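First the structure, in the form of structure tokens, and then the observations on it.
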Amino acid sequence: MDASAYFSPSQLHQAARYSSVGRLLFLLGVGVQLAVLGLLAGFGRRIARGFALGEVGAGVMIGVAASLFLTLATLPVGLLDLWWNRRYGISKQHYWSFVLGQWGGILARTATVAIVLAVVMSLARRFPRSWWAIVAPLFVAIGAVFVVVGSLLAPIGTHRLRDPQVAPAIERLKQRQGVLHTKIRVDDVNDETRAVNAETIGLGPTTVVILWDTLFKSHLSNRAIEFVTAHELGHAARRHIWKGLGWGFLFTLPLTFLLAEATRRRGGLHRAEVVPLGLLVAFVLSLLATPLENVVSRRYESEADWMALQATRDPAAGREAFRSFTRIDLAQPNPPAWSYVVLDNHPTVMQRLAMTQAWRASSGTRAGRSRAGS
């Protein structure tokens, strides 16, 4: 499919320029993190000597310090990214707000790193060769708890859907897709961004769909908003978050094994001086696993797109919604192949537009067969 059939030359140029710099900033951020972790790994023994807290205590302190160093080192990259998003009107966040907002993330990451390292180092000391087999399912179980807690906290500050035309249509979609108990909430983010988005979080009865209020302020038709919502309900109907946790276990098991093997050659992860190397290896392994994780994510996003087409039976609304990702969010319709593999956890805009064409063709074929049979 030709992107110029759906977007003007200026839209394609703007999306390509915006996306290309965003990719460069991502690579810069990765490079900075690799450099910081590499330096810490090189001086791991010297750093460990500076903490007279025992192996686990010293390891936890090293992890906390590494987290703080990473935050400070990547802060300039984050500010550059914010500047770029502000320049194109995607973000409305102020620089001081961005900097102050880092503190909440710092506290959360610091606590997470401290707890994870304390658990892993304790298990590695007691089970030096098999700790990874215990850690993998434990991390997935903790991830499930975070998903549930996040779904309970996410509606805070949101409000119910008040649109008198869209709300009844979405109730019908919930019934059609068999997810009557899924809650729909609207998050007011238009003071922070103009981007349009929605998300599904939670498991079972805690599942909630969060719609950004920018969907209603971006001149999208009601049908397009209903299509976006049907996509999110498709995630709930197909239990994609449950399946994601299953995939998380399948990925975590070999990754923790490789982490254990890499650190065992340096004495084992129960030793504080090996913690910086462990952090570096964990970061590299997560980068290497990202393309495979993206394959799974794109598969489920495509399935949710198809579910939305089946539920709404409105490919025109789907095309409007997908085009808005380039028109408003400035997503490049056809990104470079390396970016698609490494960075993109959703199908490209052109792939999604092609799906609407495929659905219309298959729907027409089924209708023709039905008429022939009658």
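The values are calculated or read from the model by the stated rules, or taken from the named source; none is laboratory data. In this text the structure is predicted, and so the values were computed from the model without any measurement. In this analysis, Cβ positions are derived from the backbone assuming ideal geometry, glycine residues included, and neighbour counts consider all displayed protein chains. For accessibility, only protein heavy atoms count, side chains too; no ligands or nucleic acids. Shrake-Rupley method; radii C 1.70, N 1.55, O 1.52, S 1.80 Å.
Here is a yes/no grid of residues against (1) in contact with a Phe, Trp or Tyr (Cβ under 9 Å, 6 or more places away or on another chain); (2) touching a residue at least 12 places away in the same chain (Cβ under 8 Å):
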position	(1), (2)
His231	no, yes
Phe251	no, yes
Glu261	yes, no
Gly267	no, no
Glu293	yes, yes
Ser302	no, yes
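Against the conditions (1) farther than 24 Å from Tyr300 by Cα; (2) in contact with a helix residue (DSSP H, G or I) (Cβ under 9 Å, 6 or more places away or on another chain); (3) surrounded by fewer than 18 Cβ atoms within 10 Å (Cβ to Cβ); (4) at pLDDT 90 or above, Leu161 satisfies every one except (3). Here Arg327 fulfils each of the conditions (1) within 20 Å of the chain's Cα centre (by Cα); (2) closer than 24 Å to Ser20 by Cα apart from (1). Is at least one residue of the range 336-345 of a type in the set (Phe, Trp, Tyr), in a helix (DSSP H, G or I) and open to solvent by less than 30 Å² (accessible area, probe 1.4 Å)? Checking the range 336-345: not a single residue is of a type in the set (Phe, Trp, Tyr), in a helix (DSSP H, G or I) and open to solvent by less than 30 Å² (accessible area, probe 1.4 Å).
Yes/no matrix, rows are residues, columns are (1) part of a helix (DSSP H, G or I); (2) surrounded by 13 or more Cβ atoms within 10 Å (Cβ to Cβ); (3) free of Cβ contacts under 8 Å to residues at least 40 places away in the same chain:
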{"residue": "Leu12", "(1), (2), (3)": "yes, yes, no"}
{"residue": "Ala16", "(1), (2), (3)": "yes, yes, no"}
{"residue": "Gly22", "(1), (2), (3)": "yes, yes, no"}
{"residue": "Phe26", "(1), (2), (3)": "yes, yes, no"}
{"residue": "Gly31", "(1), (2), (3)": "yes, no, yes"}
{"residue": "Leu34", "(1), (2), (3)": "yes, yes, no"}
{"residue": "Gly38", "(1), (2), (3)": "yes, yes, no"}
{"residue": "Ala48", "(1), (2), (3)": "yes, yes, no"}
{"residue": "Phe51", "(1), (2), (3)": "no, yes, no"}
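For Ala41, the conditions (1) modelled with pLDDT of 95 or more; (2) under 30 Å from Ala58 (Cβ atoms); (3) more than 23 Å from the chain's Cα centre (by Cα); (4) not acidic (Asp, Glu) all hold with the exception of (1). Hey, Trp103 hits all of (1) in contact with a Ser or Thr (Cβ under 9 Å, 6 or more places away or on another chain); (2) open to solvent by 60 Å² or more (accessible area, probe 1.4 Å) but one; which does it fall short on? Condition (1) is where Trp103 drops out.
This table checks each residue for (1) crowded, with 16+ Cβ neighbours inside 10 Å; (2) modelled with pLDDT of 95 or more; (3) closer than 20 Å to Arg313 by Cα.
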| site | (1), (2), (3) |
| --- | --- |
| Gly150 | no, no, no |
| Leu153 | no, no, no |
| Arg172 | no, yes, yes |
| Gly204 | no, no, no |
| Val208 | yes, yes, no |
| Asn222 | no, yes, yes |
| Ile225 | yes, yes, yes |
| Val228 | yes, yes, yes |
